[in-house]
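Heads up: the structure comes next, in structure tokens.
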Amino acid sequence: MFVKPPSHTRPTLWKGKEKATEEPEFEDLNPTITYRTLFAQNLGVRDPLRVIALCDSDAFYAACEMIRLGIPDKPLVVLQWSSLIAVNYPARKFGITRMMNVQDALQLCPELVVVHVATYKEGEKEPGYWDNPDTKTHKVSLDMYRRESVKMLQLYKEGLPETTEVEKASIDEAFMDLTRPTRQILLERYPYLAQVPDDAPLGLDTPLPPPPQVSWDGLGTVVPIDPSITEELESPSTWHDVALSIAAECMEKVRQHIKAILGYTTSAGIARNKFLAKLCASYRKPMNQSILRNAAIPGYLKPMAFQKIRFLGGKLGKSLASEYDVSTVADLLRISLDEMQSKFGEESIWIYEVLRGIDHTEVKEKQTVNKSMLASKNLPQPVTQLSEGYHWIRVLAAELALRLNEARETTPNLWPKTLVLSARNVKALDSRRSKQAPWPFVKEVTVDVVAAAADKLWRELADPHAPMKIIGLGLAFTGVEGVEVGLKSIDTFFNTSLKPPSKRALEEDVLNTEPEVEAATERTTRNISKESSSFVCSRCGQKLSLPPSATRTEAERQAALALIQMEHDDFHVALELSKVSDNAPSRQTMIGVAPKDKPRKKRRKESPQGIAKFFTKG
Ligand code: TTP
Ligand code: CA
Ligand code: CA
């Protein structure tokens, strides 16, 4: 029998699309949900009941330090050399921001707790909090934050229903696709939906009966449908709202769980896709979750300065602003797709779509094994002789050894295939060089073992008879993989890993990241997938590919990928340093999702005239 929903939500029984109330620029704000849609297993990114959350830690590095030091409420900032990289919320009340220098911050709040990030010092196995660390002798360590990040990700996975897909998005945030669990819960709560009623006129294609009115109490901040009205009349709920409210319950629970276990407070955004979830996660910060109902999308997006949207903050945004004399999303909505594509290339379809709140990017857990680990340093004083390199190699080796051993705590038998040393020598013709060697099977990966292997590479790489002015060094493990000892005996291991180093030592493009902003460099190595000859930068979404090669070995492929990735990181660092937001999203504009993932109609491979030019160096 067809169960009638509560009477106050029953204006017309078989209500279809409410097209009359829908904004013409915004599609599918209130799609018809039929039994067929509800029962479908694989609607994927086009599921009309899709619910995605983005959860971000509040003042993350500062929170880690507050908990480490046991000072929960004091104003605190985290310093890296002379830059503030994290400011906790009590300190923000004094007007302290990340852009300030520490002296100005202390003037605003004399009782401010200033913590310098941990650093590696030569001779020490582990990073520590030393007095007056100096970039000339120390190297920043983000290990503690990475560790906390791993714990947090684990808790998301444990604390959310099993069918939730969780994707780490950066060191302090993750996306969750809650579509499947909310669908299950919805069917449990409203069992009358589980069967098509006998009197349903269109059978499976009959729209669902109107949903119950959602009470949002205790579920977070609901973004208003009309931002100009403070007290909104309750608008009728949709089934998507019901799904959002279930997702909000799950998120509230998992956020409380994280607070209880680890002490971190978080802020979340819950909406129909990744772009909107990320965007509304910062609607009310800290310690809050915001819910963006479909009906609120136009009112939320239209008045927004479009340059706040990821990738529209830089060169491209400026270009759009000058081309069309526009400043808000609403202004840009007037530009037709054809017009935009004729000026900005076919790929500008993704701009057209995000402006309309559309994003079909998947939430997908990234591979955690078979990745690279990189330690790098821009040298405060260039290395001009062979003997001067050993100090830095030891510092980098300490970081790599620690990272590998730490990763082994969660994935035992994790084994790197190759060790790669790279250097940037501004005096050499081929200024970026690297050497690599297969990583031998040694039981304990200690600083000494890594440093000894790297020293050997250093002697191969640095030509004592040629002019030397090395300004950057990087040491990486590539092809880090979990090895099943039972499947692959130690013998074969010995046989394969003790082969002489490949003659084809890679001399492809190199690396290096910059100490001053190292903390900002959420490294992209985890995106290097097993088979791929490309990687996707998690910071800007750009895809970088290796030239095709029929002869490249697996180790070489991984090393080469690690190298282009390092160089790409370097590019980000340069941008951060120059504080220019061209070409890449600035800090404030890191919202949304990568354009490369956008589904593109009429996608072309190369578009030299197109949008790519807005994301290239130079
Ligand atoms: P964010 O999430 O951008 O910022 P936050 O967590 O400090 O503050 P909020 O509450 O506004 O989210 O960055 C996470 C951490 O990454 C941050 O604590 C420090 C580090 N970071 C840098 O080192 N440099 C940077 O430019 C940015 C943006 C972050
Ligand atoms: Ca954060
Ligand atoms: Ca963040």
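The values are calculated or read from the model by the stated rules, or taken from the named source; none is laboratory data. All values reported here derive from a predicted model rather than from experimental measurement. Neighbour counts are summed over all protein chains in view; Cβ atoms, including those assigned to glycine, are modelled from backbone coordinates with ideal geometry. We work out accessible area using only protein heavy atoms, side chains counted, and drop any ligands, DNA or RNA first. Shrake-Rupley method; radii C 1.70, N 1.55, O 1.52, S 1.80 Å.
Does Y120 fit the bill of being open to solvent by less than 10 Å² (accessible area, probe 1.4 Å), touching a helix residue (DSSP H, G or I) at 6+ places or on another chain (Cβ under 9 Å) and either without any contact (Cβ under 8 Å) to a residue 12 or more places away in the chain or more than 25 Å from E173 (Cβ to Cβ) (or both)?
On the way: open to solvent by less than 10 Å² (accessible area, probe 1.4 Å): yes; touching a helix residue (DSSP H, G or I) at 6+ places or on another chain (Cβ under 9 Å): yes; either without any contact (Cβ under 8 Å) to a residue 12 or more places away in the chain or more than 25 Å from E173 (Cβ to Cβ) (or both): yes.
So Y120 passes the test.
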* Members of the range 464-477 found to be in a loop (DSSP other than H, G, I, E, B) and either crowded, with 20+ Cβ neighbours inside 10 Å or touching a residue at least 12 places away in the same chain (Cβ under 8 Å) (or both), listed by number -> P464, A466, P467, M468, K469
* Structure fact -> Note: among T266, T221, just one is open to solvent by less than 10 Å² (accessible area, probe 1.4 Å), more than 26 Å from W350 (Cα to Cα) and in contact with a strand residue (DSSP E or B) (Cβ under 8 Å, 6 or more places away or on another chain), namely T266
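Are any residues in the range 181-203 touching a strand residue (DSSP E or B) at 6+ places or on another chain (Cβ under 8 Å) and not in a loop (DSSP other than H, G, I, E, B), and if so, which ones? Even if it seems obvious, please write down each step before you answer.
From the range 181-203, those touching a strand residue (DSSP E or B) at 6+ places or on another chain (Cβ under 8 Å) are 202; that's our starting set.
The answer is none; no residue qualifies.
Can you pull out every residue in the range 49-75 that is more than 10 Å from ligand 1 (Cβ to nearest atom) and within 25 Å of the chain's Cα centre (by Cα)?
Of all residues in the range 49-75, those more than 10 Å from ligand 1 (Cβ to nearest atom) come to 49-55, 66-75.
Those that are more than 10 Å from ligand 1 (Cβ to nearest atom) and within 25 Å of the chain's Cα centre (by Cα): L49, R50, V51, I52, A53, L54, C55, M66, I67, R68.
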* Please work out if V166 is in contact with a helix residue (DSSP H, G or I) (Cβ under 9 Å, 6 or more places away or on another chain), within 16 Å of ligand 3 (Cβ to nearest atom), assigned to a strand (DSSP E or B) and not small (G, A, S). => yes
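Per-residue answers, yes or no, for (1) assigned to a loop (DSSP other than H, G, I, E, B); (2) crowded, with 20+ Cβ neighbours inside 10 Å; (3) away from ligand 3 (no atom under 15 Å from the Cβ):
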{"position": "I96", "(1), (2), (3)": "yes, yes, yes"}
{"position": "M99", "(1), (2), (3)": "yes, no, yes"}
{"position": "D134", "(1), (2), (3)": "yes, no, yes"}
{"position": "M144", "(1), (2), (3)": "no, no, yes"}
{"position": "M152", "(1), (2), (3)": "no, yes, no"}
* Structure fact -> Within the range 46-91, the count of residues that are assigned to a loop (DSSP other than H, G, I, E, B), farther than 30 Å from A247 by Cα and of a type in the set (A, V, I, L, M, F, W, C) comes to 2
* To do: All but one of (1) open to solvent by 10 Å² or more (accessible area, probe 1.4 Å); (2) part of a helix (DSSP H, G or I) hold for I246, so report the exception by its number.
  => (1)
* Subset tally (residues that are out of contact with any helix residue (DSSP H, G or I) (no Cβ under 6 Å at 6 or more places or on another chain), at pLDDT below 90 and either surrounded by 17 or more Cβ atoms within 10 Å (Cβ to Cβ) or under 30 Å from W392 (Cα atoms) (or both)) for the range 322-366 -> 3
